1. Quick one: which residues, 5 or more positions from ILE211 or on another chain, have an amide H under 5 Å from its amide H? H modelled 1.01 Å from N in the peptide plane, none for Pro or chain starts.
2. Using a 1.4 angstrom probe with every protein chain in place, what is the largest-first accessible-area order of ARG73, ARG175, ARG99, ARG158?
3. Heavy atoms only, probe 1.4 angstrom, no DNA, RNA or ligands counted: give me LYS29, LYS128 ranked by accessible area, highest first.
4. On the full set of protein chains, 1.4 Å probe, figure out the accessible area of HIS82 and give it in Å² to the nearest 10.
5. What does the charge count near ALA110 come to, summing +1 for each Lys or Arg and -1 for each Asp or Glu among other residues with Cβ under 15 Å from its Cβ?
6. Taking 7 Å along the Cα-to-C-beta vector as the label spot, tell me the TYR179-ALA88 distance in nanometres, rounded to one decimal.
7. Per-residue accessible area for ILE156 at 1.4 Å probe radius, Å² rounded to 10?
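The values are calculated or read from the model by the stated rules, or taken from the named source; none is laboratory data. Keep in mind that this is a model prediction, so the values were computed, not measured. When we count neighbours, we look across all protein chains shown, and the Cβ atoms used for this are built from the backbone with ideal geometry, even at glycine. Just the protein is used for accessible areas: all its heavy atoms, side chains included, with ligands, DNA and RNA removed. Shrake-Rupley method; radii C 1.70, N 1.55, O 1.52, S 1.80 Å.
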Amino acid sequence: MKKYVYYDAYHRQRRMPGALFLQLLRGKKGIFLMSFFIALLLGKILLWDDICQFEHWNENCMGKLNLQTLNQRSLFFYLLLHRGELLALLILSGITKLRKILYHLFCGSAGCFLGIITLSFCHSFGWKGLCILIISLLPHWIIYGILFMFLYWIFIGRNDTDSIAEAKSSANIPRFVLYGIGVVALLFVGIYLECFVNPILLSFGKEILGI
């Protein structure tokens, strides 16, 4: 019987129709995407009239965005408090036995929230709303996404037996210190970008789109 190496099996899978789509639906990516599209569908069918509540909030936020009057220092400490609370919740969830379930629930909640916000921006500004929403997520949510993936790897992605052995060994304390420094550094980079870079991009996007 002919034996196929891993390379052959990998490329056979790549040639299967829908293989890439099935890979996207696996794990936390699949939960996020499914939650996002379900929120879009149900929001359009059942909650479209209630989206107007978010619509006024979107228009109010866009109207108040003014780089000349924006107090970025106060915004930085505000974001530090609220993003820090979310980080603490993720860390506390990561040290429980239900960490995988909780992290998947975070993915599902984020997908649902993004779906509702997408509908609200489209309801407020039409196709321009989708553009301004994408701009409002850049570049800080890329860093936040990396931070979430890093936390997922720390608490779930590594081998459980290795994690237990590391936790019992005092020799690995510097490694956990480096993990903590990496988490805090990503958080501060994300907050800095959200506070000082994203408002510039949003202001520029508003001028181009005429919002």
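1. Placed amide hydrogens put nothing under 5 Å from ILE211.
2. Details: ARG73 175, ARG175 100, ARG99 65, ARG158 35 Å².
Largest to smallest exposure gives the sequence ARG73, ARG175, ARG99, ARG158.
3. Values: LYS29 115, LYS128 60 Å².
Per-residue accessible area, sorted high to low, gives LYS29, LYS128.
4. Only protein atoms counted, so the area is about 70 Å².
5. Working: positive: LYS28, LYS29, ARG83; negative: none.
Residues near ALA110 contribute +3 overall.
6. About 2.0 nm separates the two model spin labels.
7. Taking all protein chains as shown, ILE156 has close to 30 Å².
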